[in-house]
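What follows is a short report on a single structure.
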Amino acid sequence: MDGKIAIILLSTLLPAFVVGYLLRSGGKTINFAAVGGTIVYVVSVLLIFMSAYIAGAMNMRSDDLVLILPMIIAALFYFLLKGMGGSSK
């Protein structure tokens with residue numbers, strides 16, 4: 001596995017776990033928290049790979065976005081998913 005691919009895949013795991021944990025501790029069901037964490041992971045990976053292709057248009061290196069983009073996506077999805085889903089533990 002290439003070093004950059006490993007960084008991309010591993011840097012997105014922590015925000016996905018955090019969103020799942022926060023949803024679960026916030027009163028959502030275990031299934032909802034797992035799906036929420038999975039959505040954050042998949043969207044993070046897809047957006048990071050897409051940013052690698054459009055980095056030239058953004059006038060910056062794609063390496064600069066690798067670590068900050070998952071945190072932004074996790075925060076966005078946490079606040080979007082917080083008001084949805086089941087309400088019992």
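Each helix, a run of at least 4 DSSP H residues, gives -39500 (n - 2.57); summed and divided by the residues of the chain, these come to -22500 deg cm²/dmol at 222 nm. Here the simple spin-label model places points 7 Å from the Cα toward Cβ, and for ASN31 and LYS82 these points are separated by 2.5 nm.
Report the extension gain between LEU10 and ASP63 in nm, rounded to one decimal, defined as 0.36 nm multiplied by the number of residues separating them, less their alpha carbon distance.
Values: separation 53, 0.36 × 53 = 19.08 nm, distance 1.43 nm.
Length gained, LEU10 through ASP63: 17.6 nm.
Taking the C-alpha atoms only, the angle from helix 30-53 to the longest principal axis of the chain is near 10 degrees. Please give the helix 69-81 orientation as an angle from the longest Cα principal axis of the chain, in degrees from 0 to 90, rounded to the nearest 10. Helix 69-81 and the main axis of the chain meet at about 30 degrees. Sorting 51-57, 29-35, 5-11, 18-24 by average packing, meaning the other beta carbons within 10 Å per residue, from highest down gives 18-24, 29-35, 5-11, 51-57. Relative contact order, whole percent, for the chain stands at 41, derived from Cα pairs under 8 Å and 6 or more residues apart.
Considered as an equivalent ellipsoid built on the Cα gyration tensor, the range 3-81 has semi-axes of 26, 11, 9 Å, the largest given first. Axis angle, to the nearest 10 degrees, between helix 13-25 and the longest C-alpha principal axis of the chain: 20 degrees.
Rule-based calculations on the coordinates, nothing more; no lab input. Bear in mind that the values here come from a model prediction, so they are computed numbers and not experimental data. Counting neighbours? That spans all protein chains shown, and the Cβs are built from the backbone with ideal geometry, glycine included.
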